[in-house]
Amino acid sequence: METFISNIIRIMSRYGHVFLLEGVAYTLLLSLIAVAGGSVLGALFAFGKRGKIPPLRILINALVEIVRGTPLLLQLYAGVFILPRLIPALNELPDIVSVSVVLIINSAAYVSEVIRSGIQAVDIGQTEAARSLGLSERTTMWNVVLPQAVKNILPALGNEFITVIKETSLASTFYVGDLMTSYLKVRGNTFLTLECLTIVGILYFILTFTLSKLLAAAERRMKHA
Amino acid sequence: MKKLVSMIMAAAMALCLCACGGESPDKAYNNYLKEITKGASTANGTLTVALSPDFAPMEFYDASKKGDAAIVGFDVLLANFLAKELGMKLTLSPMSFEACMAAVQSGKADISISGFSWTMERAENYEITDWYEAGDNETEQVIIVKKSNENKYTKAESFAGMKIAYQGSSLQQQLVKETFGQMSDVDINNVYSDIGAAVEALKSGKVDAVAVAKGNGDAIIANAPNDIAFSGFEFDVDPIYENNVCLIQKGNTALLEKVNAALAKAKEAGYYKVWYEASQIYSSIKTADELGYDENGVKITETAN
């Protein structure tokens, strides 16, 4: 136990910046990109699924099912090795771009389901009442259903954000620089697996715990509104 | 909460400060790198090299540097040499060992230089270059054990009743199976996805021994001198496995020929030995003193090593 702790201190004094500056920064960056892009695209997916254009509906449904039905690691391989064949311009860009695209699509698929279930959870009577009062379909959606749906959606969306932070770790397969990449780099030099894993484990926990506390605070404010 | 945050920040800043100090074991390495890249032209386009930088001293990270310059080691010197000989600009593409093979196969990388050993299956699916010799990293294949068992084992029979671990789909897996497969009292069903996990299993006593390449063993022991030591046993290695090769996409014989010509040149010039020494010093496996380099990274004496 003593060597374990002294090893961690030794690793942190030599490679601390790899974990704290590089690893944390890239994990946060990737998560932000995935969450922001995923939310926007996920919302588009959700509305496309409810929309009136059947081919688009089928396409989105197929994409969402494929993304939810295959491992993220496999999707990352596809994104890094197959995507640049379809879009040659991607070859000029670093792998982190392909990785980000995959993370956004992956996150969008889950977010679209969160939004869909949030909208469906609003009692159908609300829509019926609004429609019989003469509100248009669009006004009903925007002014009656969505404000109530957001309250259902936010907690589940927060869960999705926390999941994304942890899932970015798979991007380390392509050494994009996230926390798990820091682990690979430092372990490659020191061959001290458990010590390095403990360090990244603590850092991941700090990130997700902080986020879940922030989300809980946001939810409390929503309740008052 | 505020106090906690400021404490963490303070600790982080203190760590950054320590991390910036320290001596630089990279002098000899940089001398060779400079020598290789001197007068390099990039007229013939880009050479993208896939490698898995988690394998000191062959390829690893220098945490004090940024970008491509942070990836260092024997294979990186070789990659620079090949790029120069081919008149191409070098781009390093770091990824996991499995992904390296997919990168070559899909054409995303032109070549993978990542401490590959020759195997029958690799030869079927890739163009394999001529071999290059990375010091004793591959030529000597050994078994490491707990420090208390240091040098107690000289023959295969001494491992009776023990559990031997190794990394999956590696050369060591093959060697362990060949050597101990017939001995019913040796447990060889201990596969790990990476060598680091196997070493942890050894430390915690889940297994009694781990098969590793000598160069890896040096690095592992350098980082855990009180826990782990060499067993005294060395595998009988078929010469075909003793050296490393590079992988190129199946069918790309034009590149294969050019690379083989460059490899022959490096071999004849005797670069491999000194590149390996410089990489060993860089990864703190050996000191400059031990290998006979002065403080400016210039070789002064011939060592027995």
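Per-residue 3J(HN,Hα) values for region B:193-209, derived from phi via the Karplus relation 6.51 cos²θ - 1.76 cosθ + 1.60 with θ = phi - 60°, read 6, 9, 5, x, 5, 5, 5, 4, 4, 5, 4, 7, x, 5, 10, 9, 7 Hz in sequence order (x marks Gly and Pro).
Once you have a ≥ b ≥ c as the square roots of the Cα gyration tensor eigenvalues for region A:2-224, tell me rounded if a/c is under 1.5, and otherwise prolate or oblate according to whether a/b is larger than b/c. Since a/c reaches 1.5 but b/c is at least a/b, the shape of region A:2-224 is classed as oblate. Under a model in which nothing but the beta-carbon of Lys, Arg (+1) and Asp, Glu (-1) is charged, chain A shows a dipole of about 440 debye around its Cα centre. Principal semi-axes of the equivalent ellipsoid, √(5λ) from the alpha carbon gyration tensor of region B:28-77, are 20, 14, 10 Å from largest down.
Peptide packing: for A:24-35, A:189-200, B:248-259, the average count of neighbouring Cβ atoms within 10 Å per residue gives the ranking A:189-200, A:24-35, B:248-259, highest mean first. Let me know the shape class of the protein assembly as shown, please: from the alpha-carbon gyration tensor, a ≥ b ≥ c as square roots of the eigenvalues, rounded when a/c is under 1.5, otherwise prolate if a/b is greater than b/c, or oblate. Prolate is the answer for the protein assembly as shown, as a/c is 1.5 or above and a/b outweighs b/c. Given +1 at the Cβ of Lys and Arg, -1 at the Cβ of Asp and Glu and no other charges, the dipole of the protein assembly as shown around its Cα centre is 2860 debye to the nearest 20.
Residues B:46, B:119 ordered from highest to lowest accessible area at a 1.4 Å probe: B:46, B:119.
The stretch between residue A:85 and residue A:59 holds 7.2 nm of extra length on full extension. This uses 0.36 nm per residue minus the Cα-Cα distance. Full extension of the chain between residue B:287 and residue B:46 yields a length gain of 83.3 nm, computed as 0.36 nm times the residue separation minus the alpha carbon distance.
Short-range pairs are left out: with C-alpha atoms under 8 Å and at least six residues apart, the relative contact order of region B:141-236 is 52 percent. The calculated FRET efficiency for the pair residue B:204 and residue A:138, based on their C-beta separation and a Förster distance of 45 Å, comes to about 0.10.
Between residue A:93 and residue A:10, the C-beta separation translates, for a Förster distance of 35 Å, into a calculated FRET efficiency of about 0.40. Here's the picture: charge each Lys and Arg Cβ at +1 and each Asp and Glu Cβ at -1 in region B:220-305, and of B:243, B:266, B:296 the one pushed furthest to the positive end of that dipole is B:266. Inter-label distance, residue A:3 to residue A:220: 4.6 nm, where each label sits 7 Å from its Cα along the C-beta direction. Applying the Karplus relation 6.51 cos²θ - 1.76 cosθ + 1.60 with θ = phi - 60° to region B:35-47 yields 3J(HN,Hα) values of 4, 5, 7, 4, x, 5, 10, 10, 5, 9, x, 10, 10 Hz, where x marks Gly and Pro. Extension gain, residue B:64-residue B:106: 0.36 nm per intervening residue step, less the Cα-Cα distance, totals 11.9 nm. Take each residue in A:144-157, count the other chain C-beta atoms within 10 Å of its C-beta, and the mean is 0. For residue A:166, a cut-off of 29 angstrom between C-alpha atoms picks up these lysines, skipping any fewer than 8 places away in its own chain: A:49, A:151, A:185, A:213, A:223, B:2, B:3, B:65, B:66, B:108, B:203, B:206. Think of region B:72-151 as a dipole: +1 on every Lys or Arg Cβ, -1 on every Asp or Glu Cβ, centred on the Cα centre; then among B:139, B:109, B:119, B:109 lies furthest on the positive end. Two numbers describe the Cα atoms of region B:157-231: Rg and Dmax, which are 11.6, 34 Å.
Comparing A:98, A:203, A:147 along the charge dipole axis of region A:97-214, the residue lying farthest to the positive side is A:203, per the Cβ-charge model. About the centre of its Cα atoms, chain B shows a dipole size close to 1100 debye [charges on the beta carbon of Lys, Arg (+1) and Asp, Glu (-1) only; nearest 20 debye].
Looking at the protein assembly as shown, the DSSP beta bridges with both ends there are about 60 percent antiparallel.
The values are calculated or read from the model by the stated rules, or taken from the named source; none is laboratory data. Keep in mind the model is a prediction, meaning the values are calculated, not measured. Here Cβ is always computed from backbone atoms with ideal geometry, including for glycine, and neighbour counts include all displayed protein chains. Just so you know, the surface numbers come from the protein's heavy atoms only, side chains and all, with ligands and any DNA or RNA stripped out. Shrake-Rupley method; radii C 1.70, N 1.55, O 1.52, S 1.80 Å.
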